[in-house]
Amino acid sequence: MNKFKINFNKEVCINCGACASVCVNWIMDGIEVRPKETVISEEEMKSNKEAEDICPVKAIKIEG
Ligand code: SF4
């Protein structure tokens, strides 16, 4: 099964919560947002891709 790696640039994240609204892998940890898992399966790819697409500052990159 293919695995994908999430590259999260915490430095540019503005903690807007948009990613968390479309994908359960993205959670609010206090006032900060972070991914629960940084290595995801193909099934988890779709919603994490939505998170990548919705991020206004391009803090999320998914690598194949
Ligand atoms: S959508 Fe982007 S900027 Fe907003 S909380 Fe998620 S990673 Fe951070």
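Bear in mind these aren't lab numbers, they're just calculated from the coordinates by the rules spelled out. Since the model is a prediction, treat every value here as computed from it, not as a measurement. Backbone-built Cβ (ideal geometry, glycine too); neighbour counts: all protein chains shown.
Regarding Ala51, is this residue near the ligand (Cβ under 8 Å from one of its atoms), on the phi < 0 side of the Ramachandran plot and in contact with an Asp or Glu (Cβ under 9 Å, 6 or more places away or on another chain)? Working first, answer last.
Working: near the ligand (Cβ under 8 Å from one of its atoms): yes; on the phi < 0 side of the Ramachandran plot: yes; in contact with an Asp or Glu (Cβ under 9 Å, 6 or more places away or on another chain): no.
Here the answer is no, as Ala51 does not meet what is asked.
For the structure I just gave you, tell me whether Lys46 is loosely packed, with under 15 Cβ neighbours inside 10 Å and in a strand (DSSP E or B). Against the criterion (loosely packed, with under 15 Cβ neighbours inside 10 Å and in a strand (DSSP E or B)), Lys46 does not qualify.
For region 36-43, the condition holds for no residue, the condition being that it is within 10 Å of the ligand (Cβ to nearest atom), among the polar types (S, T, N, Q) and assigned to a loop (DSSP other than H, G, I, E, B). Taking each residue of region 24-40 that is surrounded by fewer than 17 Cβ atoms within 10 Å (Cβ to Cβ) and looking for partners that are of a type in the set (Phe, Trp, Tyr) with beta-carbon atoms closer than 9 Å, six or more apart or interchain, yields Lys36/Trp26; Thr38/Phe8; Val39/Phe4. Look at (1) in a helix (DSSP H, G or I); (2) touching a Pro at 6+ places or on another chain (Cβ under 9 Å) and you find that Ile14 fails only one, number (1). Beta carbons closer than 6 Å, at least 6 apart along the sequence or on distinct chains, pair a first residue in region 6-20 that is touching a residue at least 24 places away in the same chain (Cβ under 8 Å) and within 6 Å of the ligand (Cβ to nearest atom) with a second that is not small (Gly, Ala, Ser) and not in a loop (DSSP other than H, G, I, E, B) for Ala18/Ile54; Cys19/Trp26.
Pull up region 21-35, narrow it to residues that are aliphatic (A, V, I, L, M) and out of contact with any strand residue (DSSP E or B) (no Cβ under 8 Å at 6 or more places or on another chain), then point me to the one that is farthest from the ligand (Cβ to nearest atom). Quick ask: steps written out before the conclusion?
Applying the first criterion (aliphatic (A, V, I, L, M)) to region 21-35 yields 22, 24, 27-28, 31, 33.
When the remaining residues are screened for being out of contact with any strand residue (DSSP E or B) (no Cβ under 8 Å at 6 or more places or on another chain), the result is 22, 24, 28, 31.
Details: Val22: 9, Val24: 13, Met28: 8, Ile31: 10 Å.
So, considering only residues that are aliphatic (A, V, I, L, M) and out of contact with any strand residue (DSSP E or B) (no Cβ under 8 Å at 6 or more places or on another chain), the one farthest from the ligand (Cβ to nearest atom) is Val24.
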